[in-house]
Amino acid sequence: MTTVLAASADAILGTYRRAPMELVRGAGVELFDAEGKRYLDFVAGIAVNALGYADAGLEQAMRSALDSGVVHVSNLYRTSAGERLAEKLVEHSFADRVFFCNSGAEANEGAFKMARRWARAQAPAKHEIIALRGAFHGRLFGTLAATDRPQYRMPFRPLAGGISIAERDLGELESVLNPETVAAVIVEPVQGEGGVRVLEPEFLRGLRQLTQERNVLLILDEIQCGYGRTGTFWAYEHAGITPDILTTAKPMAGGLPMGAVLMTQAVADAMQPGDHGTTFGGGPFVANVALHVFDRLHDAAMLQHIAEHGAWLGDALRAMAGRSTKIRAVRGIGFIWGLDVTDAAKDVVARALDLGLLVCSAGEHTVRLLPPLVMGRADLARGVQLLEQAIG
Ligand SMILES: Cc1ncc(COP(=O)(O)O)c(C=O)c1O
């Protein structure tokens, strides 16, 4: 086992500093390594594994998704699972049309193209995309230009043009949103990688109003915070607004790669056949699995579970911060929380790992918690206890 791992670790490009153990099995909200050590999972594959591991319903959905014998046919032909999933997404959101793809960054790249296609029909120079301080939208050239992390961006300049970062401040946005040149503003209602910052509902409402006044599209990136994670199915519901475009991905297909761009009819009308594409997006296998995931997460009892237990988790984390001189701040909502710690976050992550708890970071001094959405009170409490030990 060890020799195989050592060889394959060398063969994989070193873009991640991976934890040393090999994860071989999962059950419920726990993972097990090759030596049989168990880990309580507060990462969920970075907000992907909403239903945890070895979920019977999800496994059944994957098995029956194979019944037709058709995993993929391309988007040259119609298949019913994708069409049904799009209908569900439209029925349960602001959107009129859906484009399926394979990841978060791909969804955002698509959203930028759609915004530009719409904008160019309004005014010839209208093309700029504005992202916010602290934003993370992906690692491809367009999305990297909309990601506010110098260390991710610098080695790869020049990035895609016409994309810039503005402060999370309505006054600044008022001065930069020129209707003649700006196509769209992209915002995560909860900034995940940027330190778990829940944007104020008043800010989002103000931004919605401003973008409407300036004829600028509002793109919400709900790749990490959507699909129930905040206790409502879409994070925008907390602010009582709707966007023009929304991107989603991570939990959509139970761990299979899938993303989507949801949009209003006005945006959809600007896109013509041939304007965008993807070989795999929305294929019958992933879409069938995603239909199951959608039904499980778009469920009143599930959303109530997340809201209730998330509120309890927030209280427990704030109480822990009250007992500790090593926690500077606690931020979050539902099942997405960040703790600013005095130590390096990576040291807390490593100590938690030793104790059998998986957590991840969101910046140098922020520990991020993203438990599977099905996690119950006892496991949440166990995680908090282990985290307190790890923080020290
Ligand atoms: C808010 C947000 N947008 C975009 C992305 C990029 O998604 P992917 O890694 O699937 O390309 C992420 C991934 O962490 C994210 O959290």
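The values are calculated or read from the model by the stated rules, or taken from the named source; none is laboratory data. Remember, predicted model here, so these are calculated numbers, not experimental data. Cβ placement follows ideal geometry from the backbone for every residue including glycine, while neighbour counts extend to all protein chains displayed.
List of remarks:
- Positions within region 250-265 being within 14 Å of the ligand (Cβ to nearest atom) and in a strand (DSSP E or B), in sequence order: 253, 256, 259, 260, 261
- For the criterion of being modelled with pLDDT of 95 or more, closer than 14 Å to residue 102 by Cβ, more than 14 Å from the ligand (Cβ to nearest atom) and touching a helix residue (DSSP H, G or I) at 6+ places or on another chain (Cβ under 9 Å), residue 233 fails.
- Tabulated pairs, region 182-194, first modelled with pLDDT of 95 or more, second near the ligand (Cβ under 9 Å from one of its atoms) and aromatic (Phe, Trp, Tyr), C-beta under 8 angstrom, 6+ apart or interchain: 188/136; 191/136; 192/136; 193/136; 194/136
- Test: residue in region 242-249 that is away from the ligand (no atom under 14 Å from the Cβ), among the small types (Gly, Ala, Ser), touching a residue at least 40 places away in the same chain (Cβ under 8 Å) and out of contact with any Leu (no Cβ under 7 Å at 6 or more places or on another chain): no
- Unmet criterion (only one of (1) within 16 Å of the ligand (Cβ to nearest atom); (2) farther than 16 Å from residue 290 by Cα; (3) touching a residue at least 12 places away in the same chain (Cβ under 8 Å)) for residue 151: (3)
- Candidates 293, 289, 267, filtered to the one that is farther than 26 Å from residue 55 by Cβ and surrounded by 20 or more Cβ atoms within 10 Å (Cβ to Cβ): 267
- Scanning region 109-135 for residues that are touching a strand residue (DSSP E or B) at 6+ places or on another chain (Cβ under 7 Å) and in a loop (DSSP other than H, G, I, E, B), we see that the one that is nearest to residue 250 (Cα to Cα) is 135.
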